[in-house]
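Report on the structure given below.
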Amino acid sequence: MSSSKSKKNYLTYAKFILAAALLTFIIYKVDLTQSVQYLKEMNWWYFLLAVFLQWVIIFIGTHRLQILLRAQELNLSFWATLKYNCIGYFFNLFSLGATGGDMVKAFYVSRETNHKKTESVTVVFLDRLVGMVAVLLIATGSILATLWIDSTFRPYLPYFSGLILIVFLFVIFIFTKEFWKKHILIDKILNYRFNNKSINKIIDFLTSTISKIIGALYTYRTHKTVAIIALIESIILQLIMCGFAWSIGAGLGFGIPGYTYFIVFPVATLVLALPITPAGLGLGDGALIGGFMKFGVNKNLGTAFVVLYRLNTLLMSIPGFFLWLLPGTHITRKELEENT
């Protein structure tokens with residue numbers, strides 16, 4: 001085993017250990033008997049509503065990814081896009097953060113094309129980025145709209161606003177015609193040649209890859225409608241996610257104002273997305289419990305919420321597992337064309 005691979009394995013083990021330690025700490029701090037009692041008293045009709053809303057979210061997210069791919073002339077059917085989305089959900093259970101399944105999704109989407117693999121991978125991660133932008137907008141908007149009622153999350157406002165500003169500048173950077181060529185020395189750097197052929201091959205690969213990534217992003221300058229629809233769908237999707245959180249909280253009898261879900265859940269979503277622990281275990285759970293505690297929900301009740309949230313995540317991943325096992329999932333586009 002190489003040294004770099006060994007270090008990578010040790011880092012992965014460390015993150016699993018960190019997740020276990022965080023979960024142990026959470027369990028130690030709560031009364032599990034009381035949390036179980038809250039679960040027994042749960043109105044399960046609300047949980048069924050949450051499951052339904054989760055599927056609505058998946059379908060909207062699938063359409064968003066489909067139109068973003070279509071702008072790159074990658075015409076996946078809704079069914080194929082849904083399949084890879086569900087497979088991504090399944091692999092989120094084992095990946096670092098709540099977005100690790102995107103790497104698996106990107107792998108399968110890229111196998112659907114022979115000539116735009118880099119672009120397809122770029123779109124999958126752009127799809128996630130658009131979702132995160134929507135989360136930031138909702139969290140920031142909710143905090144601003146409720147400052148006169150509750151200033152609990154006011155300290156987070158500068159950070160969220162700063163992130164939105166960075167995203168805005170990034171969009172301007174991409175959409176401004178050839179800005180990256182005119183104002184950055186990327187061309188000169190990547191076109192520099194050494195006497196070593198191996199190094200030059202690496203430079204050629206980087207040049208080609210970076211150009212394709214920037215080209216893929218720049219495509220949306222001429223597909224502004226697609227970009228706007230994707231952002232609108234992301235905002236709708238994240239608002240429904242807040243409704244999903246409300247469904248679980250209402251079923252448990254949280255008894256907190258509805259607007260709190262539009263602050264706590266987006267903030268927790270950002271924490272869950274951090275690639276620190278597998279599926280955001282421990283870290284994201286603590287963010288959810290701590291966030292609701294700020295609005296008067298006791299930690300045992302918050303723990304019951306996390307259990308139901310994780311149960312729903314598990315239920316959503318099961319279809320992805322069976323779709324992953326389907327014949328044809330692992331066949332490349334080239335192989336499909338050769339067999340027709």
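Quick notes on this one:
- Highest to lowest packing among 142-149, 299-306, 125-132, scored as the average C-beta count within 10 Å: 299-306, 125-132, 142-149
- With both labels modelled 7 Å from their Cα along Cα-to-Cβ, the ILE172 to HIS115 distance reads 3.6 nm.
- Across LYS83/LYS299; LYS83/LYS212; LYS83/LYS201; LYS105/LYS294; LYS40/LYS83, pairs whose alpha-carbon gap is larger than 32 Å: LYS83/LYS299; LYS83/LYS201; LYS105/LYS294; LYS40/LYS83
- Virtual spin-label span in nm between ILE202 and LEU314, 7 Å along Cα→Cβ: 4.5
- Each of MET103, MET316 has some number of other Cβ atoms within 10 Å of its Cβ, and from fewest to most they run MET103, MET316.
- Phi to ³J(HN,Hα) by Karplus 6.51 cos²θ - 1.76 cosθ + 1.60 over region 244-254, Hz, x for Gly, Pro: 4, 5, 4, 4, 5, x, 5, x, 7, x, 4
- In this label model, ARG154 and MET103 are separated by 4.1 nm, measuring between points 7 Å along each Cα→Cβ vector.
Throughout, read-outs are computed from the coordinates displayed, never taken from laboratory work. Nothing here was measured: the structure is a model prediction, and the numbers come from that model. Here the Cβ is made from the backbone with ideal geometry for all residues, glycine too, and neighbour counts use every protein chain on show.
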